[in-house]
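Just so it is clear, none of the values below were taken in a lab; they were calculated from the coordinates. Just so we're clear, the structure is a prediction, and the values are computed from it rather than from any experiment. Neighbour counts run over all protein chains shown; Cβ positions are idealised from the backbone, glycine included.
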Amino acid sequence: MEENQKIKPLSVARNFGLSNFALANRTSIVILMFLIGLMGLWAYSSMPKENFPEITIPTIYVGTPYPGNSPLDIENLITRPIEKEINTISGVTKITSNSVQDHSTIVVEFDFDVDITEALMDVKDAVDKAKSDLPSDLDTDPNVFEMDFAEIPVLYINVSGDDFSMDELKYYGEYLKDEIERLGEISKVDLIGALESEVRIEVDKHKMESLQISYNDIQDAIKFENSTISGGDILVDDFRRSIRMVGEFKDMEDIENVIVKSEYQNVVFLKDIADIKFTFEEPKSFARLAGSPVITLEVKKRSGENLLDATDKIKVIVKRAVKDKFPENLKVEFSNDTSRVTRLNVDNLENSIISGVILVVLVLLMFLGLRNAAFVGIAIPLSMLTGFIILNALGITMNMMVLFSLILALGMLVDNGIVVVENIYRLMQEGHKPLDAAKEGVGEVAWPIISSTATTLAAFFPLLLWNDIMGEFMKYLPMTLIIVLASSLFVALVINPVLTSLFMKVQEGYDSLTARRKKFRPYLITLGTLSVIFFGTAVAGYKNGILYGNIFGVIALIATLNLFVFIPASFWFQRTLLSRLERNYEKLLRFALRGYNTLYFMAGITFLLFFSIVFYFVKNPDILLFPDNVPNYVNVYIETPSGTDVQKTNGYTSKIENAIFRFLEKYEDDLIIESVLTNVGEGTSDPNSGEGAFAQGATPNKSKITVSFVEFQYRNGINTTKILEEMRSVVDTFTGVNITIDKEPVGPPVGPPISVEISGENFEELIEIANNARTYINNSDIEGIEELKIDLDIGKPELLIEIDRRAARRYGLSTRQIQSAIRTALFGTEVSKFKSGEDEYPIIVRLQDKYRYDLEALLNQIISFRDQASGNTFQVPISAVANVKYSATYAAVKRKDLDRVITLYSNVLEGYNANRIIEQLSEIFKDYKLPEGYKINFTGEVEEQQKSQEFLMRAFMIAVFLIFLIIVSQFNTLTSPIIIMSSVLFSTIGVFLAYALLDMQFIVIMTGIGIISLAGVVVNNAIVLIDYTNLVRERKRKELHLDNGKLALKDLIDVIVEGGKTRLRPVLLTAITTVLGLIPLAFGFNINFSTLMSRFDPQIFIGGDNVVFWQPMALTVIFGLIFATIVTLIIVPVMYLIFDRISNKIVS
């Protein structure tokens, strides 16, 4: 339209106050935009970055050691009294306990509404009340503590070398420990695998007995000699001097020369009856890295600190130590480095933002031209930078959930900007001045996009109400999305109108293009010359030459492509393809609105909805709580029979370890194996075995081999799932031990996939029921169960020493004296501490090894004691007052909610689904008869899955209700909300059909969140379309002077068609950009723009660990949104006409 042509004013004009205010203060808004950019970049750089969010789980642990007691005694004496008091606390959801040899562990889970500090105090109070019922000889009070995710290690540093002793490795490990703990970002570094030193006094049995010396004599002699006490203050010459009497041992000679007995001028020194050694404690565990002994430093980050900064500083310390302090042949390697994943996620976010902007701008320039596309594209960085400011102010860290929420939001951030910019551009094409077009363009769509954004936020809001461990992890998803989507609304209503009013231009014709090419030619030549110059400096050795050369080259390339490719392509697209698309759409829409066709279309879409649902359920896809991931590492859990010595377990583990090494040799050339770490003894329990990661007590019969793989992009296409299956075949050849192979879990811990819990009170009957149930399941031939195991070990060997109380009292001995003698002889007793500098070492008294492990020598040892009446010394052999009986006992007693419980558990073989197996198990147990008071429950993963399904269903209903409420409040009518909500329902057709046709697994968490997200996204276009149709309808009434009258059917159809044609571009644009924004999540397309620009290395790869987790949610939105676009453009107008006819008939 020519500039001098008079513009016809809009018959019904809308304005929006906030946008008008912004347009009246354009300079201030431009300054505000730059401030947002600077503050956002500062907030992003200063936000602490970590792998997982720091969540608070209201779970309290009560640990009570009581040495020398069996699991049954621990249960009765310790666990039951404490559980009884804890059960009176309000807000407790579950109490579980594990009573093992010498130790009781009670786990108290609270409702997530309960404050963790209050919960901790309540449990401590309950434990204090229970103390009166606990044994009087309990050496240590129960330890009550909370679960702290900040205490989870973020990095392991392994120090190893074949040429070094464990003492030398420990020295180097302690050096690194001291250096790393000086960092402000680090809370603690634990040394794993290092043996602690001790002073060991090994008593000669025969010498001690011949000299009539008892263990108490030795213990008292050492205690009384190794002592430093204060004598008070003495007044000397008006000054008070404190008196300190120093008597602590200075060296081993002092200990050797302790006088144990002195009678009749016969002095007995400690060295006369015992060997005194400064040595290592007996090993309770072993650790190896690639077969070599290893000392591992377990690094724990301080809460709220930046993980990336912390690991960078640690690596500098290690690098400096390796260069300046350590021998050349000492190996220092990193493993389980969580910062690597975090760094990769941060890089993915940055690259996804760049990719998203590029894809969005490429699409938009075809519809609007490059300049106008940039106005919309700027919404992505500005919205995210605004989001960073708010997130940083709220104290939220940059973690995995936040990062991927931002990537999920990528395509949605431009939706509001598209609607605003496209509407302003349309008005400018019609001849309106930029400022007027900005005011009227925003005014027409302001309330619709506010409503549509509110509906999107309403869809995500219920996810904030998720009140369990899953919700604590997932709440960062809705929180982040709500913040950045609200920010995008601010950008669309405030910043976009200002920028368009200042810089927007309607695309000129081909005639002006030649002139523009001539005008920009010198600039292009200058940019190209600068690029060549910088490339030349790079060849000469300038570090950043390639980077600056690429920057100028890319600018020149984009400008050239814009002038010679993009602008002509945009002309062709808008004037040819888009015009043809609009004409064909108009024909199709008029056909759909003609006569009874509206009913046929409605019947067709309704039939398709029911067909898709039936087709989906007929296909019966697998249902999983979390997606089946590709292993990053594989754990091989080994369990030898109960009672096996740790040395024997270590030897058996070495055989399995060597078999795995031989198997992995074929992958040496592929360089995909990062490390093989072996642990024997403590901390090696399978988390899915029922003991979990917080199991207490020694596990000398257990071990673990961890095979770690390199990152996904460096695996050369090799599937690590295949390696896991092959490893399973390798270890299956070993007999006599239980071996379980598993990969790392996805998401929070939820227990084993197959878990059958049997509870009751009588332990003997419970064991019988559990064994019968296991046999029953094994005989049912259900496929997919790896190996059904029972979490109760009833074969722990035990040797009972029964004391004859009458005989003991006859000799003047107490039960406690006999017990103490045997315990000191075998286990040893700590009698004092030996100080050396700042370190303290325990002094342990026990028998020499040749007597300790000789049962006959233990029973025949003589207890020497002095008779209180006569003062004479008597000696009585233990065998005279005690008998020995061989037996077996339980390795542990587990309880849940005050009932004893035994669990049958198993992993699921690759290719099988846990839910289908649980369905079969439920079926066979329907008619299974149990004694009264006993019950069977399916727990573990299936229990968590059921909870998540129930919550997501409630969240979806709440979201639908909130969306409906928002739409009703905007349109003040019932028909428009029904039409819009119907479009949400019909959009699920795309989801059901795609899942059924592609045989995709239904992932409860991610697919569920995807459907809820879809509900919020789909309504946006429908709201804008119906609102604009109502606006056109109102204008048509004004034009025909029908203030309250009804439009004729032909006029109404024209109005609906005009509304559809006008909104065609923004509807297509918002759908396409949202889908393109989700592409990185759905398919894992990764390109590193930083290395591309600096080193010509794009590092392109497709897939990755994150794709497995986020793909179901992204694909759900993509499938639903693609189909919803068709529904919005065709079915929504059809329903609009149908409901208008119905309402007219009702009124008539």
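The peptide list 1123-1133, 733-743, put in order of mean Cβ contacts within 10 Å with the highest first, becomes 1123-1133, 733-743.
Averaged over residues, the count of other Cβ atoms within 10 Å places the peptides 595-606, 1088-1099 in the sequence 1088-1099, 595-606, highest first. 3J(HN,Hα) along region 195-204, derived from phi through the Karplus expression 6.51 cos²θ - 1.76 cosθ + 1.60 where θ = phi - 60°, amounts to 7, 7, 8, 8, 9, 10, 9, 9, 7, 7 Hz, with x in place of Gly and Pro. With a/c under 1.5 counting as rounded, go ahead and sort region 59-146 into rounded, prolate or oblate using the C-alpha gyration tensor (a ≥ b ≥ c being the square roots of the eigenvalues; past the cut-off, prolate if a/b is larger than b/c, else oblate). Judged from the Cα gyration tensor, region 59-146 comes out prolate (a/c at least 1.5, a/b above b/c). Each peptide among 353-361, 609-617 gets the average number of other Cβ atoms lying within 10 Å of its residues, and from highest to lowest they stand as 353-361, 609-617.
Under the rule a/c < 1.5 gives rounded, and otherwise a/b versus b/c splits prolate from oblate, where does the chain land using the Cα gyration tensor? In terms of gyration-tensor shape, prolate. Remark: 122, 238, 793 ranked as 238, 793, 122, counting other beta-carbon atoms within 10 Å and listing the fewest first. For region 233-240, the Karplus equation 6.51 cos²θ - 1.76 cosθ + 1.60, evaluated at θ = phi - 60°, returns couplings of 10, 10, 8, 10, 6, 6, 10, 9 Hz by residue, with Gly and Pro reported as x. Around the Cα centre of region 630-745, unit charges on the Cβ atoms of Lys, Arg, Asp and Glu (plus for the first two, minus for the last two) sum to a dipole of about 200 debye.
Taking the fewest neighbouring Cβ atoms within 10 Å as the starting point, the ordered list for 1009, 1102, 902 is 1102, 902, 1009.
Once Lys and Arg get +1 and Asp and Glu get -1 on their Cβ, which of 144, 91, 106 lies farthest toward the positive end of the dipole of region 59-146? Going by the Cα projections, it comes out as 106.
Looking at 420, 438, 706, which one has the Cα that reaches farthest to the positive end of the dipole of the chain (charges on Cβ: Lys, Arg +1; Asp, Glu -1)? Positive-most Cα among the choices belongs to 438. For the chain, the share of DSSP beta bridges that are antiparallel, to the nearest 5, is 95%.
Of interest is the spacing of the C-alpha centroids, which for region 21-68 and region 650-684 amounts to 41 Å. 3J(HN,Hα) along region 887-898, derived from phi through the Karplus expression 6.51 cos²θ - 1.76 cosθ + 1.60 where θ = phi - 60°, amounts to 7, 10, 9, 7, 6, 7, 10, 9, 9, 9, 6, 6 Hz, with x in place of Gly and Pro. Hey, how many Å between the Cα centroid of region 470-497 and the Cα centroid of region 581-642? Here the answer is 27 Å between Cα centres. In this calculation the C-beta distance from residue 974 to residue 309 is compared with R0 = 51 Å, giving a FRET efficiency of 0.35. With r as the distance between the Cβ atoms of residue 206 and residue 393 and R0 = 60 Å, compute the FRET efficiency 1/(1 + (r/R0)^6) and round to 0.05. Once rounded, the FRET efficiency stands at 0.20.
Given +1 at the Cβ of Lys and Arg, -1 at the Cβ of Asp and Glu and no other charges, the dipole of region 876-1018 around its Cα centre is 480 debye to the nearest 20. Helices assigned as whole DSSP H runs in the chain whose Cα atoms extend at least 24 Å along their own long axis and whose mean Kyte-Doolittle hydropathy is -1.0 or higher are found at 26-46, 307-324, 338-368, 434-460, 510-539, 597-619, 646-664, 941-971, 975-997, 1004-1039, 1049-1083, 1105-1126. The fewest-to-most ranking of 928, 667 by surrounding Cβ atoms within 10 Å reads 928, 667.
Close amide H contacts of residue 91 (hydrogens built in the peptide plane, cut-off under 5 Å, sequence separation of 5 or more or a different chain): none are found.
Taking a ≥ b ≥ c as the square roots of the eigenvalues of the Cα gyration tensor, region 709-833 is prolate, since a/c reaches 1.5 or more and a/b is larger than b/c. Between region 290-362 and region 993-1061, the C-alpha centres lie 49 angstrom from each other. In the chain, a dipole from Cβ-located charges (positive for Lys and Arg, negative for Asp and Glu) runs towards its positive end, and of 1020, 563, 362 it is 563 whose Cα lies farthest in that direction. Only Lys, Arg, Asp and Glu carry charge here, each on its Cβ (+1 for the first two, -1 for the last two); on that basis the chain has a dipole of about 6500 debye about its Cα centre. Amide H contacts for residue 398 (H built 1.01 Å from N in the peptide plane; partners 5 or more residues away or on another chain; cut-off under 5 Å): 49, 50. Go ahead and run the numbers for FRET between residue 662 and residue 1141, Cβ-Cβ distance against an R0 of 45 Å, rounding to 0.05. Once the sixth-power term is evaluated, E becomes 0.05. Helical content alone sets the calculated 222 nm signal of the chain at -17000 deg cm²/dmol, taking -39,500 (n - 2.57) per DSSP H segment of four or more residues and averaging over every residue.
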